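Asks: To start, I am sharing the structure in question, which I have written as structure tokens.
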Amino acid sequence: MEIKEKKDRRNSLLIGLIAIVEVVVIVAIVGVFVYRPEPEVIAGEAEASEYRVAGKVPGRIEKFFFEEGDMVRKGDTLVSIYSPEVAAKMEQAQAARAAAEAQHQKALHGAREEQIEGTYELYQKAKTGREIYEKSFERVQRLYEKGVITLQKRDETEAQYKAAAATEKAALSQYNMALKGAQEEDKAAAKALVDRVDGVIREVELAEEERYLTSPIDGVISGIFPNVGELVGQGSPVMSVIDMTDMWFVFSVREDLLEGFGVGSEWFVQVPALGKRTYRVKISHIKAMASYATWRATKSNDRYDTRTFEVKARPMEKIEGLLPGMTAIITEQIDKK
């Protein structure tokens, strides 16, 4: 009876031990699957060339000719800006042009008939005065030679005669100048003034053209920053246009995962938004990013910070439906062998 009880007890212990071993094995198997590290997923996003449209002329937004999401062609007028300063400068330039042209025409045509006649009368008056003083001096000279008058009286009369002769000469010069017209230097100066004002007008016309901002490329309008009526300064961005033909992917890769990502290497990527299909890309650029990635320990007693690199990859074929901002996941490297 005792032998049977001992045997039953041993069997119970054996069964319990087996049960414990089975539990340990199951827990170990579950732990392997639960705590097994998942493969690293390298994800990035699509980017495209973006152009900011800005004006050289400050003013208020007058009208938008397109909206966000619209396709535009290079040279299409996107927005008009109202600038009262440009209009005022144009009025000033046109007034200056009229004045400069009047001076130029005056220099070309010379003095008017009234001016010529007036200078001629002055010359005749001066000539008559010189003749009178000349005769007076001749009489005084003869009287002086006879000793009738003093030397002082003779010198005074001679000075008056010489002054009258100089006045006649000056009047004749003014008369000849009126007959001849303006000098070549004056004509050239008047023409230069006209050309200068024309340059100012051209500058204002260019500023007038800058009121209308055009698209620099064929693309899609991705953003409109101000509203109609808002004031924009010189160089302030008004719109942004994306070139949908120039797109690429950007990935942030830790340096411990960077093996194989050499410039020129080819990989498959998947764009979840476009389905499960994979696309071929080629690495075109790699550079270190300014900040560090999350701290990662390679060993329990050998810990260091791993730096992150920006990896740029361009599609090797056109990807229909790809839009900037879409997520891309690297799946595997293409074997070139």
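Asks: Once the Cβ-Cβ distance between N227 and K169 is put in as r, and R0 is 51 Å, what FRET efficiency do you end up with, to the nearest 0.05? Can you show the working numbers first?
Replies: Values: r = 75 Å, r/R0 = 1.47.
The value I calculate is 0.10.
Asks: How much solvent-accessible surface does T327 expose, in Å² to the nearest 10, with a 1.4 Å probe and all protein chains in place?
Replies: Approximately 70 Å² of T327 is accessible to the 1.4 Å probe.
Asks: May I ask you to derive the FRET efficiency for T150 and N176 from their Cβ-Cβ distance with R0 = 25 Å, giving the value to the nearest 0.05? Each step should come with its number before you reach the end.
Replies: Details: r = 40 Å, r/R0 = 1.58.
For R0 = 25 Å, the calculated efficiency reads 0.05.
Asks: State which entries of K282/K318; K74/K282; K125/K162; K125/K153; K135/K169; K125/K146 exceed 21 angstrom in Cα-Cα distance in the structure shown.
Replies: Working: K282/K318 13 Å; K74/K282 29 Å; K125/K162 15 Å; K125/K153 25 Å; K135/K169 18 Å; K125/K146 32 Å.
Too far apart for the 21 Å limit: K74/K282; K125/K153; K125/K146.
Asks: Full extension from Y120 to D218: what is 0.36 nm times the residue separation minus their Cα-Cα distance, to one decimal in nm?
Replies: On the way: separation 98, 0.36 × 98 = 35.28 nm, distance 7.25 nm.
That pair, Y120 and D218, stretches by 28.0 nm at full extension.
Asks: Enumerate the residues in the range 312-329 having an amide nitrogen under 20 Å from the point lying 7 Å beyond the Cα of T278 toward its Cβ.
Replies: Answer for the range 312-329: 312-320, 322, 327-329.
The values are calculated or read from the model by the stated rules, or taken from the named source; none is laboratory data. Bear in mind the structure is a predicted one, so any value in this text is a computation, not a measurement. As a convention, Cβ positions derive from the backbone with ideal geometry for all residues, glycine included, and neighbour counts pool all protein chains shown. Ligands, DNA and RNA are excluded from the accessible area calculation, which covers all protein heavy atoms including side chains. Shrake-Rupley method; radii C 1.70, N 1.55, O 1.52, S 1.80 Å.
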